[in-house]
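So the structure is just underneath, and the comments pick up after that.
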Amino acid sequence: MNKVTQWWTEERRAYLLLVLPAVAVYWAVMAFPAVFSFVLSLTNYNGGVIFNNPNIRLVGFTHYLRMFNDRFFWISLKNNLLIMAVSVFGQIPLGFLFAYVIHRKLVKFGDFFQTIIYLPCVISTIVVGRLWQSFFSPYGPFTKFMQTLSPGWENELFIDPQLAILPVLFVILWMYTGTYMIIFLANLQKIDPALIEAARIDGATEWQVLIRIMLPALSGVIVTACILAISGSLKSFDLLYAMTAGNPARRTSVLALYMYDTAFRHSPNYPLANAISVFMVLVSFLLIVMVKLTEMKFGGREE
Amino acid sequence: MNKIRKSDFHPALRLFVYIMVAVFTILTLYPLYWLSISSLKTNTEFQINLLGWPQRPTFSNYPTAWRLAQFDTLFVNSIFFTATSTLVIIVFSLMAGFAFAKIRSKATSFLHGSFIIGILLTIQSIMVPLFLMSIMVGLYDTRLGVLIPYVGMGLPIGIYLCTEFIKSIPDSVVESARIDGASYFRIFGSIVAPMAKPVAVTLAILNVSGVWNEFMLVNILVSRDALRTLPVGILKFSGALASDHGRQFAALTIGLVPMVIFYLIFRQQITKGVSAGAVKG
């Protein structure tokens, strides 16, 4: 037997054939494009032939500089940060509150409430966006409601650049709180009931149980929830696309929408769009590393 | 089970909790109610009767919206993309997960790790290069050109969940089958895959709700009417007929109903799937 056949065992062949389909597809449509995006962001390639094209040059970080000098970049980034704040400080605490009261049976019909609160997450974001756009529009129930409170109220929600982001933030809070509720609920159910029982017998109050047992047991989940919220808020696209399309005057734009506009509206600028997407990936990795470091410093009491 | 002592919670606090839960419930049910009753009104009635129950409920908006938005095409495409991508993702993830979990190889840490990083990658970060690539290789505006990215996007979480699950199957199961002379493919087909049914269900749930509602990718990779899916078609229809309220709301209702039914049937599994899928980081 020569060396090649010794190496080419049935085990190796099976391994290769088993992982090949997944690796090939994943590397072709995820891993490669991610790297490709970075390479393209350093060139002036703007569509057309890519191989043996004498006009394609490396231009360094020109597009990144252009991006940082674009006011719409900063408007979009600010909106992403607002969405992130709503997610981390709105969805997560509310999701925890709902999970807690349902798990500890502080409200009746917990099952019913759980079903309804999670419902928005399963509906298509496009449908949700169009529905709430109508809801907040001058002919929608919101206008009627405000007009009964103060007659003569003018609905300028989607016209006023200062206000237009508010309905979006509200819908985001409404839509994804259910996800965090489900995550917390599943993890609350994993806590050993005997542990809580014992604490209660020893005379601990419900508050002490919450602060001393439940929150520490959930610290890892809270970190995961924060990471989900951060990467989720950087992803926001569909809802804004359907609700405002970034208007009025691109004031409700977010990074993903800014990139989309750069690449697919008016005259396409692919290198700039690639620079924006690389920036988004870097920010999301950076924020996640920060969350992880915070966890290592302050948390880590469980497991 | 330990009962909560009511006295532990101030009545005002309990009231606050009830109000919060009730507000969220109303905020979900009322817009859906408003949407469905509005879809039963003609435009003339909608203008004079914004919020009330329709005086003469009519279903005539539905057939018109169905025809104008070409809902039969949209449904066929959405079902095709969702079913095919889900099936392929499950098979590929189980295969790779089996190899990663049960066949020793030096390549595993690198390959498996590359998928884990992929959990954090979003469509946004690869959207522009994917679009450019699909034009270069001639997959723009084709079914395959949408299907392959869908499979690629579902694989990271699929492989993570499958590897973890198959690791929990005792090594001795595989080893004794090896001693009996079974090939790895045989072990996969007749032992591992049947045992992995729970993780396959979780994956199916996660992927069905993800792909069915996916908008951005189809919107970019496809321009032909014949390849549009529900979210893309609904948005286009509702943008073009923004002032035609009755039909717009009928179209939104048609888009909403399948997922709501899916949710009400598979509520338990969806809940389980979501918490299992929440492993980012």
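The values are calculated or read from the model by the stated rules, or taken from the named source; none is laboratory data. Keep in mind the model is a prediction, meaning the values are calculated, not measured. Here the Cβ is made from the backbone with ideal geometry for all residues, glycine too, and neighbour counts use every protein chain on show.
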*Across the stretch B:87-106, what is the number of residues that are outside any helix (DSSP H, G or I) and in contact with a helix residue (DSSP H, G or I) (Cβ under 9 Å, 6 or more places away or on another chain)?*
3
*Confirm whether A:Pro161 is touching a residue at least 40 places away in the same chain (Cβ under 8 Å), more than 9 Å from chain B (Cβ to nearest Cβ), within 27 Å of A:Tyr258 (Cβ to Cβ) and not in a helix (DSSP H, G or I).*
yes
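Let's see how each residue does on (1) within 23 Å of B:Ile123 (Cα to Cα); (2) under 26 Å from the mean Cα position of the chain (by Cα):
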residue	(1), (2)
A:Trp8	no, no
A:Ala14	no, no
A:Pro21	yes, no
A:Ala28	yes, yes
A:Val35	yes, yes
A:Gly60	no, no
A:Arg71	no, yes
_Only listed residue being facing another protein chain (nearest Cβ under 7 Å) and under 30 Å from A:Ser124 (Cα atoms), chosen from A:Ile196, A:Ile182_ = A:Ile182
*Sole exception among (1) more than 13 Å from chain A (Cβ to nearest Cβ); (2) within 17 Å of the chain's Cα centre (by Cα) for B:Asp171, by number*: (2)
_Subset of the stretch A:113-156 [among the aliphatic types (A, V, I, L, M) and crowded, with 20+ Cβ neighbours inside 10 Å]_ = A:Ile117, A:Leu119, A:Val122, A:Ile123, A:Ile126, A:Val127, A:Val128, A:Leu131
_Top-ranked residue of the stretch B:103-126 - restricted to ones that are within 7 Å of another protein chain (Cβ to nearest Cβ) and touching a residue at least 40 places away in the same chain (Cβ under 8 Å), ranked as farthest from the chain's Cα centre (by Cα)_ = B:Ile103
*Here are some residues: B:Ser78, B:Ser109, B:Ser125. Which one is assigned to a helix (DSSP H, G or I), surrounded by fewer than 20 Cβ atoms within 10 Å (Cβ to Cβ) and in the same structural domain as B:Gly154 (by TED's automatic domain parsing)?*
B:Ser109
_Criterion (more than 9 Å from every other protein chain (Cβ to nearest Cβ) and without any contact (Cβ under 8 Å) to a residue 40 or more places away in the chain) met by exactly one of B:Ala250, B:Ala196, B:Ala204, B:Ala240_ = B:Ala240
*List the helices (runs of 4 or more DSSP H) that sit entirely inside the stretch B:1-74 and contain at least 1 residues that are modelled with pLDDT under 85, under 30 Å from A:Val101 (Cα atoms) and more than 13 Å from chain A (Cβ to nearest Cβ).*
B:11-38
*the stretch B:248-272: number of residues that are of a type outside the set (S, T, N, Q) and surrounded by 23 or more Cβ atoms within 10 Å (Cβ to Cβ)*: 5
_Residue selected from the stretch B:128-144 under the condition at the interface with another protein chain (Cβ under 10 Å from one of its Cβ atoms) and in contact with a Ser or Thr (Cβ under 7 Å, 6 or more places away or on another chain), by the criterion farthest from B:Ile220 (Cα to Cα)_ = B:Pro129
_Selection within the stretch A:235-258 - facing chain B (nearest Cβ under 7 Å) and in a helix (DSSP H, G or I)_ = A:Lys235, A:Asp238, A:Ala242, A:Ala256
_Here is a check on your reading of the model: is B:Gly189 more than 9 Å from chain A (Cβ to nearest Cβ), over 14 Å from the mean Cα position of the chain (by Cα) and not in a helix (DSSP H, G or I)?_
no
*If we only count helices (runs of 4 or more DSSP H) wholly inside the stretch A:80-153, which ones have 2 or more residues that are over 30 Å from B:Glu214 (Cα atoms) and more than 8 Å from chain B (Cβ to nearest Cβ)?*
A:92-103, A:141-149
